[in-house]
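The block underneath contains the structure these notes are about, expressed in structure tokens.
What follows draws every value from the coordinates through simple rules; no lab data is involved. Model, not experiment: these values are computed from the prediction. Backbone-built Cβ (ideal geometry, glycine too); neighbour counts: all protein chains shown.
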Amino acid sequence: MKNLFYLAAAIVLAACTGPEGPQGPPGAALFSQVIELEADFSASNGYEVYYEFPQSIEVFEADLIMVYLAYETVSSPQGTQDVWRALPLTLITDQGLLQYQFDHTFTDLRLFVEATYDLRLATSADLENQRFKIAVIPAEFAQGIQGLTELTDADFTAFSH
């Protein structure tokens, strides 16, 4: 029996040898782009800041945009490090709730602040010198999923039990 196993293994391994095929085309090297910027929110700018993506960063309609706020710094054996929090970010302040938000197109991005109170009462620490990290993540719209239009309600109720 043991000899039969070794014979079968030798046949399978021998069948896997042969000339190497041609080199395929190189794959696309897609990397996300990251931008850091500092913003001040005030009554004079309507508590919003616009940022136009530079020509050096190509943003497509399908790309994903993520924005982070430098929330605090911490000490570590490697030195001082920034702690980043994703937007939208809601803070509980003495005055009420303060929220950092963003929206975007593929040409620009708007950072803005909203609150449950009059923003003129917000502290300068909450509005000035705010540092943001903007990540542009390459993406592609998915093609239609085959067979999706043929699904019926019965296909979905089978999973609910």
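Laid out as a table, the results:
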| quantity | calculated |
| --- | --- |
| Whichever residue in the stretch 57-89 is hydroxyl-bearing (Ser, Thr, Tyr) and within 17 Å of Arg131 (Cβ to Cβ) and, among such residues, is surrounded by the most Cβ atoms within 10 Å (Cβ to Cβ) | Tyr68 |
| The stretch 76-89: number of residues that are touching a strand residue (DSSP E or B) at 6+ places or on another chain (Cβ under 8 Å) and of a type outside the set (Val, Ile, Thr) | 8 |
| Residue in the stretch 50-66 that is of a type outside the set (Ser, Thr, Tyr) and closer than 23 Å to Leu121 by Cα present | no |
| Subset of the stretch 91-149 (residues that are out of contact with any Pro (no Cβ under 9 Å at 6 or more places or on another chain), of a type in the set (Ser, Thr, Tyr), in contact (Cβ under 8 Å) with a residue 24 or more places away in the chain and closer than 25 Å to Gln33 by Cα) | Thr107 |
| Lone qualifier among Leu91, Leu87 - being farther than 14 Å from Tyr51 by Cα, of a type outside the set (S, T, N, Q) and under 16 Å from the mean Cα position of the chain (by Cα) | Leu87 |
